[in-house]
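Beneath this line is the structure, given in structure tokens, with notes to follow.
The values are calculated or read from the model by the stated rules, or taken from the named source; none is laboratory data. Quantities reported herein were computed from a predicted structural model and do not represent experimental measurements. Quick reminder, even Gly has a Cβ in these numbers, built from the backbone with ideal geometry, and neighbours come from all protein chains shown. Ligands, DNA and RNA are excluded from the accessible area calculation, which covers all protein heavy atoms including side chains. Shrake-Rupley method; radii C 1.70, N 1.55, O 1.52, S 1.80 Å.
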Amino acid sequence: PTINEIPSAFEIIGHVAHLNLRPDVLPYKYIIGQVILDKNKPRISIVVNKIGNIENEFRTFPMEIIASTSTTTTTTTTQNNNNNNKKEKSNRPRLEVQLKEEGSTFKLDFEHVYWNSRLQFEHKRLVRLIANDGGMHNTKEMEMMRRTKRHPQYKQAQQCLEHKKKKDTTTTTTTTTTKQIVVADVMAGVGPFAIPLTSQYNNVTVHANDLNPTSFHYLKLNSQINHCNNNNILDNNKGDDDGEEQRLKMYNMDGRAFVRHLEEKQIVYHHVIMNLPANAIEFLDVFRGWKPPLPSEKKEKEEEGMYPMIHVHCFASKEEEVGKSEALARIETALQCKLDTTTEDNTNEVYVHIVRDVSPKKNMLCVSFRLPKEVSLLKKINLDDDDDDGSNSKEDDRKEASKESKENENNVQKKREHVNQEVDDTPTEPAVKKCRTDE
């Protein structure tokens, strides 16, 4: 076949290189994978190729390993029709990686959770935007700059630390002068927002939720690795919200059920993160009928009538104005009310940020807006989990998700066999010689 474009870029996640090869180069995928390994040893030890789109609720996509330095026997646990766990051994390497991003360490299984290294600048931007809402500096960065005197911001960091220490020694009400920020991370994944917010800023509390049990597992693990001072885990809406001093509280629930749970518990939050670009806007309907929590005696003036800022990610048209209009229209449709574009002091309350270029016709956006007060006048939507204790409905959802995941795996296997058959039918020996000659 004729090659229209030679692969020239790939994403790196820990020791894994992630490719998205075009159909015309698939017959040479194993050669491409081996070349990447040879040129990037020892940093890269596994090369994977994406062979399908994100089609499940856990935001994972099918992939195949096209090169690896070694094969390690791994054990996977599957569930049969009788709900009995069955362990199967495989020679396929496990794609568990460890990486660092902006001072935080993350561990994750790249095959079974969602992670995109291209979003590191968006993670950094939104984390700083939310943390600075409380007027707080990153304590880790300040300490690093203080120790590195050649750093261009050394003097500023030194002054910040000295000012902070002076306040700590001269007053006992330091905690009241720094605004405490509470965040609801509805689709938290393995914690790209929740982990740095709670490990690097001491004035931020995060309620982090994700439906994927594997993501929930690594979210817990990453909270321990990064010392987020957390030992309070809320699973499937069970138990009570003890451990109020903990700054990272984790949940394994559906997104809408999670928002409804916080509302029922009268938990105050200032920011909401909804990082699910494909359909996060659809989840905004859970805010219909939402009312601010009743103010406490200690913070009555601060919390009274407070509506949070919502940061929702989505895909939209490449044209900036058209994409912005599309995103705002979808948000207003989901909320069933207009957004408040300005406040009483004429400050803008709706921000549209272009996160990255996704395709020739599509951008990824982040729309930040103040939740309109008009939502409180609307009727709440009915959630499946509202019936009884929700356990039966939740179990049905999990069975359905498991069935869908199994069907996707079967389709992936068929696709792999089809692609391998095409590769076998294509004469690759001349291509090998050509590749070696070019090298």
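Computed with every protein chain present, the accessible area of Leu19 is close to 10 Å² [probe 1.4 Å].
Taking the Cα atoms of the range 1-47, the ratio Rg/Rh between the radius of gyration and the Kirkwood radius comes to 0.98.
Database remark: amide H of Val206 closer than 5 angstrom to the amide H of Val183, Leu248, Lys249 (H placed geometrically; neighbours at sequence offset of 5 or more, or on other chains; Pro and chain starts carry no H). Holding the Cα-Cα limit at 30 Å, pick out from Lys100/Lys338; Lys179/Lys324; Lys291/Lys324; Lys107/Lys361; Lys107/Lys291 the pairs that are longer than that. Over 30 Å apart, Cα to Cα: Lys100/Lys338; Lys179/Lys324; Lys107/Lys361; Lys107/Lys291.
Legend: residues Ile44, Ile31, sorted from most to least accessible area (1.4 Å probe; ligands, DNA and RNA excluded), read Ile31, Ile44.
What FRET efficiency comes out for the pair Ile65/Glu321, r = Cβ-Cβ distance, R0 = 30 Å, nearest 0.05? That gives a FRET efficiency of 0.10. In terms of the mean number of neighbouring beta-carbon atoms within 10 Å, the peptides 35-43, 322-330, 247-255 order highest first as 247-255, 322-330, 35-43.
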